[in-house]
Structures are given as C-alpha cells and as structure tokens.
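I have a structure here, written as structure tokens, and I will follow up with some questions on it.
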Amino acid sequence: MKHLFKAELNWTSKKEQESVSKLYNKSHQIKIEGKPVLNVSAAKAFKGDPQVYNPEDLLLSSLVSCHMMSYLYVCSQNGIEVLEYSDHAEATLEVSPDGSGRFTEVRLNPKAKISDPEQIELALGLHQKANQLCFIANSCNFPVLHEASCEVI
C-alpha cells in the first residue's frame, strides 16, 4: 500500500542586504491543501529568521510526533492505558567545512504515565517496537535513540 503526500513551497527573492555575496532572505511558506500555511526559514545559525520554524525543527518534530503515535498504538495493542506522554528531544547536527551537514543522531526522551504499576517494564520495552514501526525513524539514515521513562499516576 502506498500513500502520496504533497506540499507546495513558495518563496520570493527579497535581498536582505545589497552585497557582493548576494545574501538572500531564507523565509518561505509551505502550503499543504486544507491546512494552515506554515512559515519556515533557515535556523538562526544559518542566517534565518529565529521566530519561525526551520527544516531542522520540523524533522525533529516529525520524529517526536511519529514515535509518540507509534508508541500509543503498540501500548493499545498490549492493553496499556497511557494517561500522559511527554518528550524533550534533541537532535545533533554536524556541519562540514564545505558547508554540507547532516544529523548524526536524535535522542528522544519519552516519559509515559500509565495506570497499572504491573506494566511499567512492558511499557518501557514497547519504545523499541514503536521505533521499528515509526515511518519517520525508518526513513532516517542516523540513529534515533531513546531514553524512556515511565511512572504510574
């Protein structure tokens, strides 16, 4: 089974300053049919607008979100009632001298709160299964690590 996703990007040339280096404004809009327009720029470190999302933010956000949805799915399959879930994730980006770069790892720190103390060990172990199912993690060429915690409320 295949699914097609579409996005439209719009950018207009607005030079930030007149110079020999031709520094261009990096802000642009991404439109996905039926959804609000997403304003995007480069990260501040790369001369972008720090007030809006950048591709690095969006990649990390996609991993965090996809892992959570995969985790909730495997918990439901295993009869675990998840009451709360949070994550404080970090992504490491290395930039080479030639200006190219890549993520070298993403570290997720998911914290689940469940209802049954007998299921804590299973709940922690299901993060591995969730990672195996996560569409976004399966599309990455860098490790997606997990430092999960679980408690009962």
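Would you compute, from DSSP H runs of 4+ residues alone, the mean residue ellipticity of the chain at 222 nm, taking -39500 (n - 2.57) per run and dividing by the full residue count, rounded to the nearest 500?
Values: 2 runs with 37 residues, N = 153.
Counting only the DSSP helices, I get -8000 deg cm²/dmol.
Then there is this: Under 8 Å for C-alpha pairs, at least 6 residues apart: give me the relative contact order for the chain, rounded to a whole percent. Before the final figure, lay out the partial values.
Numbers: 246 pairs, mean separation 26.8, N = 153.
Relative contact order comes out at 18 percent.
Could I ask something else about it? Among the chymotrypsin sites (Phe, Trp or Tyr not before Pro) within region 1-101, which fall in a DSSP loop and have no more than 10 other Cβ atoms within 10 Å of their own Cβ?
Phe5
Right, here's the next one. Mind checking which aspartates and glutamates have their C-alpha under 18 Å from Lys44, skipping anything on the same chain fewer than 8 residues away?
Counting by Cα, and skipping residues close in sequence, Lys44 has these aspartates and glutamates nearby: Glu16, Glu56, Asp57, Glu90, Glu94.
Can you pick out the pairs among Lys6/Lys26; Lys47/Lys111; Lys2/Lys129; Lys2/Lys31 whose Cα atoms lie more than 24 Å from each other? Please list the in-between numbers first.
Values: Lys6/Lys26 21 Å; Lys47/Lys111 34 Å; Lys2/Lys129 22 Å; Lys2/Lys31 22 Å.
Distance filter (> 24 Å) returns Lys47/Lys111.
Compute the length gained on full extension between Leu83 and Ser115: take 0.36 nm times their separation in residues and subtract their Cα-Cα distance, giving the result in nm to one decimal.
Working: separation 32, 0.36 × 32 = 11.52 nm, distance 0.68 nm.
Length gained, Leu83 through Ser115: 10.8 nm.
Moving to a separate point now. Which of these, Gln119, Gln77, Gln132, has the largest mean-square fluctuation under a Gaussian network model of the chain (Cα springs below 10 Å)?
Top of the fluctuation ranking is Gln77.
For the chain, what is the largest minus smallest coordinate of the Cα atoms on each principal axis, given in angstrom and ordered from greatest to least?
Here the Cα extents, ordered largest to smallest, are 66, 38, 31 Å.
Share of antiparallel DSSP beta bridges in the chain, in percent to the nearest 5?
Numbers: 18 of 26 bridges.
Given both bridge residues lie in the chain, the antiparallel proportion sits at roughly 70 percent.
Show me the GluC sites (Glu not before Pro) within region 50-106 that DSSP assigns to loop and that have at most 13 other Cβ atoms within 10 Å of their Cβ.
Numbers: sites: Glu56, Glu81, Glu84, Glu90, Glu94, Glu105; in loops: Glu81.
Hits after loop and neighbour filter: Glu81.
While we're here: Test of understanding: given the chain, find the longest segment containing no trypsin sites (Lys or Arg not before Pro) that are in a DSSP loop and have at most 16 other Cβ atoms within 10 Å.
That would be 48-153.
Here, each number is a calculation from the coordinates, and none is a lab measurement. Here the structure is a predicted model, which is why all the values come from computation and not from measurement. So basically every Cβ, Gly included, is an ideal-geometry build from the backbone, and we count neighbours across all protein chains shown.
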